[in-house]
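Every number in this text was worked out from the coordinates using simple rules, so none of it is lab data. Quantities reported herein were computed from a predicted structural model and do not represent experimental measurements. Don't worry about glycine lacking a Cβ; one is built from the backbone with ideal geometry, like all the others, and counts go over all protein chains shown.
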Amino acid sequence: MSSTEFTEINSLSLSQEQLQRVVVLTGAGISAESGVPTFRGETGLWRQFRPEDLATPEAFADQPVVVWEWYLHRRNLIAQVLPNPGHHALVELERMLGDSFTLVTQNVDGLHRRAGSQNPIELHGNIFVNRCGRCQDHWADDALDFSKLPPHCPTCAGEVRPGVVWFGESLPAAAIDQAYSKSQRATLFISIGTSTVVHPAAGLPLLAMESGAYLIEINPEETPISRLSDCVIREKSATTLPLLVKKLQSLKNGN
Ligand code: OAD
């Protein structure tokens with residue numbers, strides 16, 4: 001398939017049928033303009049920190065205090081920022097399409113929910129969730145004692161960990177199953193702000209494309225799926241998404 005590059009959203013040619021089943025996949029780039037650092041790229045977190053020191057089960061077993069301090073630092077940062085127009089545009093798209101819309105995110109920052117998205121599929125978990133590493137129970141912050149890290153589970157006294165997926169761990173089964181089945185049936189798939197290198201999430205656009213979906217990528221940088229996409233928008237998502245959603249709205253209304 002040849003790639004088509006657009007910077008002008010109005011020249012995007014889609015049919016109403018392509019709005020039947022829309023799947024959106026987001027990555028760290030959608031939250032960049034809210035002030036949440038991405039992972040890769042020049043200012044990315046993985047340029048400053050080694051994932052194996054902070055984001056693996058082995059790292060947590062070796063140095064749970066350091067791992068918790070890093071996650072609490074990121075929580076504080078995220079708690080202070082706001083969803084941006086890109087997140088809000090996806091809320092609008094969900095309102096417009098209802099059950100025909102699925103939002104899948106790799107982000108753990110919870111900004112889609114804070115913007116108002118009803119049911120994002122969080123493939124990598126959520127940084128504000130606390131989960132016991134032993135009995136798997138979930139705990140609200142105020143049920144735990146954070147004065148001595150790591151906090152311990154009130155039920156089984158196991159070490160409580162951030163409710164995110166670390167390298168080497170499986171994704172939550174229900175989340176990835178749902179993401180696969182929705183992507184497989186998608187008529188339009190929009191990949192936003194992700195470097196598309198971390199699997200299995202990175203396989204979703206390809207799965208959709210192989211099943212016949214029209215594939216749009218929104219990313220200022222080239223990624224492995226750029227070449228395969230039907231349309232690549234080399235813009236920042238906070239600027240582009242409101243315009244794209246407007247375009248999809250007029251398509252839905254038959255204009
Ligand atoms: P990355 O940091 O790998 O990629 C962010 C992407 O966003 C890059 O391709 C940027 O070009 C793009 N980008 C930056 N600013 C943007 C903007 N304003 N608008 C649109 N795009 C922008 O983040 P992810 O692809 O989300 O996993 O990373 C995937 C996973 O790797 C993360 O979920 C995390 C990480 O290790 C785990 O922690 C398990």
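Details
- Sequence-distant residues sharing a close amide H with E217 (under 5 Å, placed H): S191, C231, V232, I233
- Only Lys, Arg, Asp and Glu carry charge here, each on its Cβ (+1 for the first two, -1 for the last two); on that basis region 1-123 has a dipole of about 220 debye about its Cα centre.
- 20 Å cut-off, amide nitrogen to a point 7 angstrom out along Q20 Cα→Cβ, residues in region 103-137: 103
- On Cα atoms only, tilt of 237-252 relative to the major axis of the chain in degrees: 50 degrees
- Inter-label distance, E159 to S181: 3.6 nm, where each label sits 7 Å from its Cα along the C-beta direction.
- A Cβ-based charge dipole, computed about the Cα centre of the chain with Lys and Arg at +1 and Asp and Glu at -1, lands at about 420 debye.
- Chymotrypsin sites (Phe, Trp or Tyr not before Pro) lying in DSSP loop within region 161-255, provided at most 15 other Cβ fall within 10 Å: F167
- Top positive-direction residue, dipole computed over region 34-157 with Cβ charges, set N84, G98, N119: N84
- Computed [θ] at 222 nm, deg cm²/dmol, the chain (DSSP H ≥ 4; -39,500 (n - 2.57); rounded to nearest 500): -9500 deg cm²/dmol
- Candidate cross-link partners of K236 among the lysines, defined by an alpha-carbon separation under 20 Å and a same-chain spacing of 8 or more, comprise K246, K247.
- 0 to 90° range, to nearest 10: angle between helix 64-79 axis and the chain longest Cα axis: 40 degrees
- FRET efficiency, K252 to R227 (Cβ-Cβ, R0 35 Å, nearest 0.05): 0.75
- 0 to 90° range, to nearest 10: angle between helix 173-184 axis and the chain longest Cα axis: 10 degrees
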